[in-house]
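J.: Starting off with a structure, shown below.
Read-outs throughout are calculated quantities, based only on the coordinates presented, and are distinct from any laboratory measurement. As the structure is a computational prediction, the values presented were derived from the model and not from experiment. Backbone-built Cβ (ideal geometry, glycine too); neighbour counts: all protein chains shown.
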Amino acid sequence: MAFGRITRGTGSRPISDINMTPLIDVMLVLLVIFMITAPLMTSSLKLDLPRAAGSPGSEAASFLAVAIDADGRLFVGDRPADRAELAQRSRAAAQHDPATEVQLRADRSVPYGRVAELIGVLQEAGLSRIGFVTDAPDAAAATAAPSTAPAAASK
């Protein structure tokens, strides 16, 4: 008396698909976190850098960021430092990699003598690759100046 099948069913098979919703949620949360924290990681030191046209900055493998604000205070990275600490950190950087580049940011109002003293300290420590960081001139002012010069010459 067979009321049903005699063969046995295979049963439920495991699902081989990956649920993407949790992965996308985690990705979006990480994206928001990085968008909020990225601006906080930039330099918070306010300097009025001189404007100069020149080549873009180099992407040196190792560099030491040094800054002088309008009051003449020294900063290594974003942290305040005195002359002795700057000399010690620059000597350590020179011993680690003699090709370390110094990226010097000096406020526009800092006297030239103060910048020259700083360069002397860096060179005494063994660092000779020193780059000056400036702001790029306004693009509108740079393009307006050449276009007005020929017009004035033709008059």
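J.: Measure off 7 Å from each Cα along the Cα-to-Cβ vector at residue 40 and residue 20, then give the distance between these two points in nanometres to one decimal.
T.: 3.2
J.: Roughly speaking, what is the stretch gain from residue 65 to residue 130, that is 0.36 nm per residue apart minus the C-alpha to C-alpha distance, in nm to one decimal?
T.: On the way: separation 65, 0.36 × 65 = 23.40 nm, distance 1.00 nm.
Answer, rounded to one decimal: 22.4 nm.
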